[in-house]
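These notes are about the structure you will find just below.
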Amino acid sequence: MADTERTSPEALLSSSAGLILRQEVPCNLETPVAELRSFVTPNDRFYVRNHFAAPRLDIGGFRLTIDGAVRNPLALGYDAVRAMPCTTRLATIECAGNSRSFLDRRAAGVQWSLGAVGTAEWTGVSLAHLLAEAGLMDEACDIVVEGADRGLVGGEPAPRQPIAYARSLPRGKALAPEVLVAYQMNGRDLPLDHGYPLRLVVPGHYGMASVKWLTRIHAVNQPFQGYWQTTDYAYWDLQAGHPVRRPLGTMKPKSIIIEPALHEAVVAGRICRITGSAWTGESSVVQVLVSTDGGRTWREASFIDPAQPYVWRRWALDWQVPEAPGPAILMSRAVDDRGETQPDEHDGARFGSYVINHCLKHEVVIATPQNSGDQ
Ligand SMILES: Nc1nc2c(c(=O)[nH]1)N[C@H]1C(S)=C(S)[C@@H](COP(=O)(O)O)O[C@H]1N2
Ligand SMILES: [Mo]
């Protein structure tokens, strides 16, 4: 047994203190940008994205079911999962709707600023191990992962009855070693809002893939077409010239400026250290370019953190602030090792109000030191 001491249910409840309340019911909380300075995001500062109320599962009766296209269906108790061989790995998770509040036209959905992203160290059993134990059949093409939370979804068209939060992973990604059924986050049992007792963690994919309160893993022989990957969390792709709807998956390269803060005053003629963070999906960020003149000229930032798969890298650039007071537009642009970079504009026709990774204009104000307001 990994450990026997059990965290009390009350201790797993999150508080919104220190986070930005974006929605009260269901609870949606954003990490303040300044907190993203830390390489690992502490559990009580990690953004929360819930579609329904967080279910409180009784650990005694808890079962993780693995069924469908498997030779040996399983119903595992919590302790049985914790007794399996485990791994710990870092992963950055970003909500596909992060930065939505920066879209030119206000889009429906939670109005995230920059902070629906975070990095944690996740501990759990690899999904590949569980699927091997269950004897995954060769015909299985998708692995459907389902959470215990459910409810009615708004908008039309939508199913009339309450539905569970469920997503599928293509077989290849489901069997990749980085995908975990996690029970710990930064060395502590998962907080309730982050999926206690078990959640999937899909490094490299937008957050919607990392299903919380995981109770069922269902292998299927046909591509899964559930609500959360066709109506919601999907985009328009092209297949032989035909527009086709596909589930969102891999994260796109993105960078954010953390310091100086938006609209912060910087001192004319001094050196100002610009810092930020950058991440991408199945690749590594290899370059971050920074502009201090609204995108006319760009310089290369240096990295604070090494390149590691599925983990963000903080970066910094020292800027010689001009003498002339007034506004200045900072921008940053990440490039990954496949040469993919951040676009200048959000592609709304393709992605709707998701995948918001275009280069943002980050305005600061150059102020002279004696500019203290007295005239
Ligand atoms: N069961 C369940 N899993 C879920 C969700 C949910 O509402 N229900 N939200 C998804 C979305 S959209 C995101 S971005 C991540 C957020 O994970 P976090 O709340 O731990 O930050 O969880 C995903 N997993
Ligand atoms: Mo999300």
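For the reader, a short list of remarks on this structure follows.
- Scan of the stretch 20-53 for residues that are part of a loop (DSSP other than H, G, I, E, B), closer than 18 Å to TRP122 by Cβ and open to solvent by less than 30 Å² (accessible area, probe 1.4 Å), ordered by number: THR31, THR41, PHE46, TYR47
- The sole residue among VAL202, VAL244, VAL211 that is aliphatic (A, V, I, L, M) and more than 30 Å from PHE62 (Cα to Cα) is VAL244.
- Yes/no for ASP337 being farther than 19 Å from ILE274 by Cβ and either among the aliphatic types (A, V, I, L, M) or free of Cβ contacts under 8 Å to residues at least 60 places away in the same chain (or both): yes
- When each of LEU214, LEU198 is tested for being within 14 Å of ligand 1 (Cβ to nearest atom), touching a Phe, Trp or Tyr at 6+ places or on another chain (Cβ under 9 Å) and open to solvent by less than 30 Å² (accessible area, probe 1.4 Å), the lone residue that passes is LEU198.
- Subset of the stretch 40-64 that is among the β-branched types (Val, Ile, Thr) and touching a Phe, Trp or Tyr at 6+ places or on another chain (Cβ under 9 Å) - its residue that is farthest from ligand 2 (Cβ to nearest atom): ILE59
- Flag not set for ALA164, criterion: touching a residue at least 24 places away in the same chain (Cβ under 8 Å), within 16 Å of ligand 1 (Cβ to nearest atom), under 23 Å from PRO26 (Cα atoms) and among the hydrophobic types (A, V, I, L, M, F, W, C).
- Screening the candidates PRO253, PRO260 for the property of being open to solvent by less than 30 Å² (accessible area, probe 1.4 Å) and closer than 18 Å to VAL365 by Cα yields one hit, PRO260.
- Checked against the criterion of being open to solvent by less than 20 Å² (accessible area, probe 1.4 Å) and more than 12 Å from ligand 1 (Cβ to nearest atom), the candidates ALA209, ALA234, ALA240 yield just one match: ALA234.
- Screening the stretch 54-118 for strands (runs of 3 or more DSSP E) wholly inside it with 1 or more residues that are within 12 Å of ligand 1 (Cβ to nearest atom) and not acidic (Asp, Glu) returns the ranges 87-94.
- Here is the figure for the stretch 188-217: residues that are among the small types (Gly, Ala, Ser) and in contact with a helix residue (DSSP H, G or I) (Cβ under 9 Å, 6 or more places away or on another chain) total 2.
- A residue that is more than 12 Å from ILE217 (Cα to Cα), within 16 Å of ligand 2 (Cβ to nearest atom) and surrounded by fewer than 15 Cβ atoms within 10 Å (Cβ to Cβ) occurs somewhere in the stretch 101-108.
- Pairs are defined by a Cβ separation below 7 Å, a sequence spacing of at least 6 or placement on different chains, a first member in the stretch 217-241 that is under 21 Å from LEU200 (Cβ atoms), and a second member that is of a type in the set (Asp, Glu) and surrounded by 19 or more Cβ atoms within 10 Å (Cβ to Cβ); the pairs so defined are HIS218/GLU146; VAL220/ASP142; PRO223/ASP142; PHE224/ASP142.
The values are calculated or read from the model by the stated rules, or taken from the named source; none is laboratory data. For clarity, every value in this text was computed on a predicted model and none was experimentally measured. Methodologically, a virtual Cβ is constructed for each residue, glycine included, from the backbone with ideal geometry; neighbour enumeration extends over all protein chains shown. The accessibility values were calculated without ligands, DNA or RNA, using every heavy atom of the protein model including side chains. Shrake-Rupley method; radii C 1.70, N 1.55, O 1.52, S 1.80 Å.
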